[in-house]
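The values are calculated or read from the model by the stated rules, or taken from the named source; none is laboratory data. Quick caveat, the model's predicted, so the values are computed rather than measured. Neighbour counts run over all protein chains shown; Cβ positions are idealised from the backbone, glycine included.
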Amino acid sequence: MGNASIRRLVYAALLLAYLLHNDLWLWNDSRIMLGLPVGLLYHVGFCAAASVILTLLIRFCWPLPQQSSPAAPGTSHKDEAQP
């Protein structure tokens, strides 16, 4: 799978997470699962999924820094001419 297709999948996951963020379908649900209300448990899972999506965004979609040539030995940024 190429980098461009992975980027499209990550952007699609981001859009899906945006759409699923407001869980209107669990608003009045009073069930308890794992000792937590279902709506709160949903948001715990949502936070975990958002962490994974943001990690993938940084890994595959973040622009790479431009490569600069290393400074010559014995020089520093102070040696550069100031405008």
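Considering every residue within region 63-83, establish whether at least one is over 11 Å from the mean Cα position of the chain (by Cα), basic (Lys, Arg), modelled with pLDDT under 85 and surrounded by fewer than 12 Cβ atoms within 10 Å (Cβ to Cβ). If you could, list the steps in order and put the result at the bottom.
As a first pass, look at region 63-83 and keep what is over 11 Å from the mean Cα position of the chain (by Cα): 63-83.
Subsequent filtering for residues that are basic (Lys, Arg) retains 78.
Next, only the ones that are modelled with pLDDT under 85 stay: 78.
From what's left, surrounded by fewer than 12 Cβ atoms within 10 Å (Cβ to Cβ): 78.
Yes, some residue in region 63-83 is over 11 Å from the mean Cα position of the chain (by Cα), basic (Lys, Arg), modelled with pLDDT under 85 and surrounded by fewer than 12 Cβ atoms within 10 Å (Cβ to Cβ).
Scan region 1-12 for residues that are more than 15 Å from Val52 (Cα to Cα), in a helix (DSSP H, G or I) and either in contact with a helix residue (DSSP H, G or I) (Cβ under 9 Å, 6 or more places away or on another chain) or of a type in the set (Asp, Glu) (or both) and jot them down.
Of all residues in region 1-12, those more than 15 Å from Val52 (Cα to Cα) come to 1-5, 8.
With in a helix (DSSP H, G or I) added as a condition, the list becomes 3-5, 8.
Within region 1-12, Asn3 is the sole residue that qualifies.
What do you reckon, is Leu15 assigned to a helix (DSSP H, G or I), modelled with pLDDT of 85 or more and in contact with a strand residue (DSSP E or B) (Cβ under 7 Å, 6 or more places away or on another chain)?
No; evaluated as a whole, the condition is false for this residue.
In region 21-38, what residues are outside any loop (DSSP other than H, G, I, E, B) and at pLDDT below 90? Spell out the reasoning first.
The initial filter retains those residues of region 21-38 that are outside any loop (DSSP other than H, G, I, E, B), namely 24-26, 32-33, 36-38.
Leu24, Trp25, Leu26 - these are the residues of region 21-38 that are outside any loop (DSSP other than H, G, I, E, B) and at pLDDT below 90.
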